[in-house]
Every structure is written in structure tokens, then in C-alpha cells.
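Presented below is the structure to which this report refers.
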Amino acid sequence: MLATAAPRLRAAAWGSLSPPAPVRAQFVSLPLSLPGRYASLRLCASAAAAAKEGAEEMGFEEMAAGTRRRYYMLGGKGGVGKTSCAASLAVRFANNGHPTLVVSTDPAHSLSDSFAQDLSGGALVPVEGPEAPLFALEINPEKAREEFRAASQKNGGTGVKDFMDGMGLGVLAEQLGELKLGELLDTPPPGLDEAIAISKVMQFLEAQEYSMFRRIVFDTAPTGHTLRLLSLPDFLDASIGKILKLRSKIASATSAIKSVFGQEVQQQDAANKLEQLRERMVQVRELFRDTESTEFIIVTIPTVMAISESARLHSSLRNESVPVKRLIVNQILPPSSSDCKFCAIKRKDQTRALDMIRNDPELMGLNLIQAPLVDMEIRGVPALKFLGDIVWK
């Protein structure tokens with residue numbers, strides 16, 4: 001979430017974000033219709049020093065244009081405010097007339113906290129407040145692991161040997177048993193929770209009752225998980241493909257014998273489950289790379305460490321052909337005519353970090369969105385709406 005300012009930054013010069021206009025400072029107050037807790041919340045943001053040519057076409061109007069379904073994935077280093085940015089974008093879409101679904105694929109969910117509403121349970125939950133339908137979903141990581149086990153093991157079985165037996169590769173499993181390969185299937189690899197979570201959402205969206213959603217916003221796990229996720233579909237595609245190919249070769253020579261003993265059906269069931277998992281992983285990969293319907297938005301904060309990690313993330317995304325247009329720099333200090341010693345040092349550090357972005361070959365071409373540092377938590381739909389109106393212009 002957006003962090004709160006340690007010292008209450010209530011100087012006389014709070015700004016409003018209005019790129020690409022020149023930097024300006026003024027008081028910004030929440031509408032009186034908001035709950036009392038938020039009525040005193042004052043937000044600010046500084047506009048970019050120089051607007052990129054054509055930046056107007058990269059604003060929220062471009063994101064909200066059209067009725068074709070679009071996917072927006074927000075990711076970055078842990079603790080930079082991905083959830084607040086994702087939740088505020090979802091509220092913005094809903095209030096703009098788009099039925100929207102926001103999904104958390106981060107095992108450490110905070111979407112419920114952001115909306116101030118219980119979204120746990122792994123089922124779609126309607127969010128109260130927005131003008132158009134807005135639903136939220138927190139994926140249950142344990143259920144994702146169970147789905148992986150179900151796809152790779154027979155009912156009641158455990159380990160790679162039972163799985164290989166079901167595939168008609170029992171002899172090979174015995175030869176490999178001493179290599180302790182059971183852990184490969186009993187313990188899913190890092191990133192699989194998120195991959196299956198996204199593919200499960202795609203399952204939901206194939207059903208007629210979910211066809212109304214025109215904007216899907218993903219609050220993804222921190223950078224490391226996301227990078228593993230990007231390479232996972234290729235890994236599983238290749239691995240499962242080899243297993244299925246090997247099984248097919250052996251089955252051609254043993255199908256008659258297996259049919260007599262009634263094992264053919266079990267083998268085919270195991271193969272079908274693996275093939276389904278493989279197809280979903282391919283769908284995940286194609287979803288990430290679809291430039292017409294998908295955009296990955298990097299969220300960071302103005303520190304040297306966070307900017308460096310964001311540059312590496314963008315490099316990895318580019319290598320995977322994942323479309324990236326925008327970079328959100330969160331927790332920007334407000335303009336002020338006078339600073340305490342702490343604020344002056346902090347502002348200097350943030351200025352250096354922003355200069356890094358403008359000179360970094362990986363980041364300088366992205367549309368820069370500067371999000372404000374606020375003096376309290378952004379929590380609940382009213383505050384998310386106001387934040388979204390400022391950030392997503």
C-alpha cells in the first residue's frame with residue numbers, strides 16, 4: 001500500500017497531479033461526501049518535469065477506450081504500493097462504466113485490507129461502492145497447489161512414482177527412484193501458485209456468467225515470483241511435452257497388454273490432466289505477451305535500489321515480449337517551500353532516483369506516472385476513488 005509519511009507532511013503547498021502541465025502546488029481536499037475519516041486527507045503529486053511527446057494518448061482515456069476486454073497486470077518490488085495502485089485502477093475502471101474484476105495473485109494478500117472488505121475464500125466477491133460492477137478475488141495458494149497435485153498424480157497416490165505408473169512409465173520410475181524425484185511433483189516449483197491462479201481466472205472468464213467483465217486488473221506477487229512466472233510456462237510446456245511424448249511411444253507397444261489389465265483408462269486420464277495443465281500454461285504465456293489486450297505496469301518507489309530492480313524487471317519483461325508502457329513511481333514527496341532536515345535529505349534522494357529513471361535505457365522510454373505520498377493509509381472505496389482520480393489521469 002501507499003506508505004504514510006513519518007512526519008505529518010501538512011505544509012502549505014500540497015500539489016495535484018495534472019501531467020503534462022508544469023509543476024504546481026495547491027491544497028487538494030477530499031469531497032465532503034466522503035466519510036469523516038477521509039475528509040481531512042490531503043494528497044499531492046508532482047507532475048513530470050517534461051512531458052513526453054504524445055503522452056496525452058497514454059493516459060487513462062486510452063486505457064478505458066473501447067469495450068474489448070483488456071488485462072492490466074501491476075507488478076514490482078515488494079512494498080512499493082502495487083495493491084493500492086491496482087485497487088484504485090479497478091475502482092477507476094468501474095466508475096468509468098467498465099464491469100471490472102481485480103485479482104490478487106500474491107500469496108501474501110492485502111487486497112482485502114485495501115478495500116476494507118473481506119475478500120478471502122478464493123471466490124468472487126462484489127465490491128460495494130463503485131458505479132459499475134466491481135468484483136474482487138484473492139486466489140487461495142493452497143488450492144492452487146492442490147490443483148497441481150491433482151493434475152500430476154492419481155487419486156490417492158503420492159509422488160512421482162505413482163504419477164509415472166499412471167502414465168505407463170512405471171519401469172522408468174523404478175530406475176529413477178533413487179534420485180529422489182518425488183519432490184518434483186510433491187513440492188510445486190516457485191511461481192506455480194501464481195501461474196495456476198491466473199489460468200484459473202481464465203477458466204472463470206470462459207464461463208458465460210463472467211463474460212461481462214471488460215477490464216481485468218491483476219495485483220501480482222513481488223518481482224522474483226513474477227520473473228519465475230514468466231519462464232514457468234515454457235518450462236512446463238517443454239517438460240510435460242517430453243513426458244507425454246515418451247508415454248505415447250511406450251503406449252504404442254504396450255496398449256494391448258494394458259487394456260487387458262484395465263490400466264489404459266487410468267493412463268489416459270493422467271495424460272489428459274497433464275495436457276490440460278500444459279494448455280493453461282500456454283494460455284498464461286500468451287496472455288502476458290498479447291500486445292493488443294495486455295499491459296504490464298511496473299510500480300516502484302523513488303529509491304536507487306527500487307529503481308535498479310525495476311530496470312531489471314523491465315529488461316526481463318522485454319526479453320519475454322511482455323508489453324510495458326507505464327512506470328508508476330509511488331510515494332513522491334509533495335512540493336514545499338520549506339523542508340525539515342529529514343524531508344530535505346529524502347527529497348534529494350528522490351530527485352536522484354528520478355534522474356536515474358530519465359537516464360536509464362530500460363526505463364526512460366516508459367510513460368512516467370508520479371503517485372503522491374499521503375499522510376494516512378488509503379483504505380476503502382472512497383479513498384481509492386479519489387486516489388485513482390489523481391494517479392490515473
Anisotropy class of segment 333-393 from Cα gyration tensor, a/c 1.5 cut: oblate
Theoretical gain in end-to-end length, S112 to E279 [0.36 nm per residue, Cα-Cα removed]: 57.0 nm
At R0 = 25 Å, FRET efficiency that the Cβ-Cβ distance of E128 and F60 yields, to 0.05: 0.65
Virtual spin-label span in nm between S321 and S338, 7 Å along Cα→Cβ: 5.9
Built amide H within the under 5 Å cut-off of M73, gap 5+: F218, E295, F296, I297
Solvent-accessible area, 1.4 Å probe, carbon plus sulfur percent, for segment 284-381: 52
Probe 1.4 Å, protein heavy atoms only - accessible area per residue of segment 273-393 in square angstrom: 42
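The values are calculated or read from the model by the stated rules, or taken from the named source; none is laboratory data. Quantities reported herein were computed from a predicted structural model and do not represent experimental measurements. Cβ: placed from backbone, ideal geometry, glycine included. Neighbour counts: every protein chain shown. Accessible surface is based on the protein model in full, side chains and every heavy atom, while ligands, DNA and RNA are left aside. Shrake-Rupley method; radii C 1.70, N 1.55, O 1.52, S 1.80 Å.
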